[in-house]
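Some notes on the structure that comes next.
The values are calculated or read from the model by the stated rules, or taken from the named source; none is laboratory data. All figures in this text were calculated on a predicted structure; none of them were measured in a lab. A quick note on method: Cβ atoms are made from the backbone with ideal geometry, for glycine too, and the neighbour counts reach across all protein chains shown.
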Amino acid sequence: MGIVSQEAILELQALMDSVDEALDRTFQNVNQGFRAETLVRFLKARDWNVAKAHKMLMDCLHWRVQNNIDEILAKPIVPTELYRAVRDSQLIGMSGYSREGLPVFAIGVGLSTLDKASVNYYVQSHIQINEYRDRVILPSASKKHGRPITTCIKVLDMSGLKLSALSQIKLMTIISTIDDLNYPEKTNTYYVVNTPYIFSACWKVVKPLLQERTRKKIQVLPGCGRDELLKIMDFESLPHFCRKEGSGSSRHSENGNCYSLDHPFHQELYNYIKQQSLITEPSRPIKQGSFHVDLPEPAAEGTEIAKTLESELQKIDKGNGLSKSISGIKIDDD
């Protein structure tokens, strides 16, 4: 890290030293003791412009205070059947760790339906996973390895991607915007696997719209990605859909399916949230109802990407059978 970078960190640090108590308290939940690393994330997200990084960070802290994000890990989604429905349609899980100690998150983009609950439940679930990652998983990994571990790896499975994804673009854009604004630079690398034709078509039009910083993080792997991923993680940490060709993101219970509520990661997360709710409000029964968060307006870049995706999917829909998913096609990544 160069002299200019160090100066930017010190300048942003000085600005953050003057925040009020409420903002500083939530900032502690954000940085978990890794203050410099957190400042670097926001500086990277704003191309090392201190003024823009400071505004971004302050906006994030205000968002957290206004929406009680610090308390979200004490707000379980109940009853269990509802949470299971969320898990079965929002295919996200943690499969293990890379050899460098980074958590590996698996996301079944192609088969996620996001149709079993309201938008607020899906947003609540997503933020809870983010907060559990940042406040429990990453600090534990840092302690184990004796060094700051503040990012994760995400493996995106495109198996089953169809034109029905058009109906999910709005919710996916909301979730993506929440991440971009409030959890910047938390993902070290995105690995995309099991890519059908429809992904190939969309990727070619979306890729030029992404910031260079984001493009460099995305690696489209051939097939299920197993051989490439085994270079950075052990077999036990591979998502189930990377263990053999054609395995895909099954929603159904199977050995090692990290999406399921029965998987150890989700069991630990769910039990942690229930326990936190008992600690914070021991005398009050847990009530059903989603944790409402102010939904952000997508940034100009996000809006353009969403419109481009919709346009491309509609073109495919009008084509001669091109909307059918054709798995196993390698995407040129040039």
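Residue by residue, here is whether (1) at pLDDT 90 or above; (2) crowded, with 17+ Cβ neighbours inside 10 Å; (3) in a helix (DSSP H, G or I) holds:
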residue: Gly246; (1), (2), (3): no, no, no
residue: Ser249; (1), (2), (3): no, yes, no
residue: Gln267; (1), (2), (3): yes, no, yes
residue: Pro282; (1), (2), (3): no, no, no
residue: Val293; (1), (2), (3): no, yes, no
residue: Lys307; (1), (2), (3): no, no, yes
residue: Gly328; (1), (2), (3): no, no, no
residue: Asp333; (1), (2), (3): no, no, no
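Sort out which residues of the range 46-61 are under 15 Å from Asp17 (Cα atoms) and touching a residue at least 40 places away in the same chain (Cβ under 8 Å), and write them in order of number. Residues satisfying the conditions are Val50, Ala53, His54, Leu57, Leu61. Contact map, the range 62-76: residues that are on the phi < 0 side of the Ramachandran plot paired with residues that are charged (D, E, K, R) and at pLDDT 95 or above, Cβ distance under 6 Å, separation 6+ or inter-chain. Pairs shown: Ile72/Glu131; Leu73/Glu131. In the range 174-222, what residues are under 24 Å from Pro296 (Cα atoms), in contact (Cβ under 8 Å) with a residue 24 or more places away in the chain and part of a helix (DSSP H, G or I)? If the condition is that a residue be under 24 Å from Pro296 (Cα atoms), in contact (Cβ under 8 Å) with a residue 24 or more places away in the chain and part of a helix (DSSP H, G or I), then Ile174, Ile175, Ser176, Thr177, Ile178, Asp179, Asp180, Leu181, Asn182, Val206, Leu209, Arg213 are the ones that fit. Is there a residue being of a type in the set (A, V, I, L, M) and in a strand (DSSP E or B) anywhere in the range 162-173? No - not one qualifying residue is present in the range 162-173.
For the range 187-204, a residue qualifies if it is surrounded by fewer than 18 Cβ atoms within 10 Å (Cβ to Cβ) and out of contact with any strand residue (DSSP E or B) (no Cβ under 6 Å at 6 or more places or on another chain), and the qualifying residues are Ser200, Lys204.
This table checks each residue for (1) surrounded by fewer than 19 Cβ atoms within 10 Å (Cβ to Cβ); (2) of a type outside the set (Gly, Ala, Ser); (3) at pLDDT below 85.
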{"residue": "Ser159", "(1), (2), (3)": "no, no, no"}
{"residue": "Leu163", "(1), (2), (3)": "yes, yes, yes"}
{"residue": "Leu166", "(1), (2), (3)": "yes, yes, yes"}
{"residue": "Asp179", "(1), (2), (3)": "yes, yes, no"}
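Can you find a residue that is within 19 Å of Met233 (Cα to Cα) and free of Cβ contacts under 8 Å to residues at least 40 places away in the same chain anywhere in the range 133-145? Looking for residues that are within 19 Å of Met233 (Cα to Cα) and free of Cβ contacts under 8 Å to residues at least 40 places away in the same chain, one finds at least one in the range 133-145, hence yes.
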